[in-house]
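The values are calculated or read from the model by the stated rules, or taken from the named source; none is laboratory data. Every value quoted in this text rests on a predicted model; they were computed, and no experiment measured them. All Cβ positions, glycine included, derive from the backbone under ideal geometry; neighbour counts span all protein chains shown. Note: areas computed on protein heavy atoms with side chains; ligands, DNA, RNA excluded. Shrake-Rupley method; radii C 1.70, N 1.55, O 1.52, S 1.80 Å.
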Amino acid sequence: YHKDIKKLNTSFKKSFVNKKIYIANYDLVSWSDLAAVIYNDIFSSGINLKELGLGKDIVSDFESFYNYYKNCGSIIDKENERFLTKELKECKTFFDNIEGKSLDDQQREVIVQDEDNTLIIAGAGSGKTLTIAAKVAYLHKKFNINPEDILLISFTRNAADEMKERIITQLGLKVDVKTFHKLGLD
């Protein structure tokens with residue numbers, strides 16, 4: 001297992017430590033699924049690695065792996081918090097003027113967080129459409145994502161039409177906006 005553990009340790013450090021991007025939950029799940037198999041084989045048996053007479057380097061690798069596996073969630077949370085703080089500071093000017101408005105802290109965080117899917121639920125007039133428009137602009141500006149490769153889905157045709165109109169008119173970005181029904185129909 002030592003070679004596998006060394007690979008997983010290297011993969012963890014390379015993928016999750018001191019990254020300049022937000023780490024999505026999917027990325028962590030992928031790593032932890034691989035690690036779970038080895039963890040369960042080794043550590044659930046109650047083996048004491050130090051009693052096996054293994055070298056210090058090998059024991060250290062196993063201990064690092066154990067730490068990464070048991071604490072991966074909190075490690076990722078700290079890395080993401082560090083990234084969010086830095087990114088929000090760097091993008092302050094951008095977030096201060098979306099459609100002539102300044103976004104609040106919650107809006108800014110949801111835009112910078114790069115999960116695989118984003119669901120925004122809030123009351124009427126709270127800035128959902130503004131937040132979604134800003135997310136599209138952020139993805140385009142920061143990561144050069146073509147707005148035509150972004151799909152926005154809404155429950156109602158009126159909301160979809162409003163969102164599309166605002167993004168095109170206010171931000172000059174052509175994005176695909178559909179209702180769930182229209183997506184299914186297409």
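Could you grab me the full set of residues in region 99-121 that are open to solvent by less than 50 Å² (accessible area, probe 1.4 Å) and at pLDDT below 90?
Once the filter is applied, which keeps residues that are open to solvent by less than 50 Å² (accessible area, probe 1.4 Å) and at pLDDT below 90, region 99-121 yields only 99.
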**OP:** Working carefully through the options 179, 156, find the one that is surrounded by 16 or more Cβ atoms within 10 Å (Cβ to Cβ) and of a type outside the set (Gly, Ala, Ser).
**Re:** 179
Original post:
Of the residues 22, 39, 68, which single one is over 30 Å from residue 143 (Cα atoms), surrounded by 15 or more Cβ atoms within 10 Å (Cβ to Cβ) and in contact with a helix residue (DSSP H, G or I) (Cβ under 7 Å, 6 or more places away or on another chain)?
Top reply: 39
**OP:** Identify the single condition in (1) under 21 Å from residue 113 (Cβ atoms); (2) assigned to a helix (DSSP H, G or I); (3) not aromatic (Phe, Trp, Tyr) that residue 21 does not satisfy, given that it satisfies every other one.
**Re:** (2)
Original post:
Among the candidates 61, 27, which residue alone is among the acidic types (Asp, Glu), under 30 Å from residue 136 (Cα atoms) and surrounded by 12 or more Cβ atoms within 10 Å (Cβ to Cβ)?
Top reply: 27
**OP:** Filter region 159-176 down to residues that are open to solvent by 100 Å² or more (accessible area, probe 1.4 Å) and not in a loop (DSSP other than H, G, I, E, B) and give me whichever is modelled with the highest pLDDT.
**Re:** 165
Subject >> Selection count where residues are free of Cβ contacts under 8 Å to residues at least 12 places away in the same chain and not in a helix (DSSP H, G or I), scope region 105-158 >> reply: 11
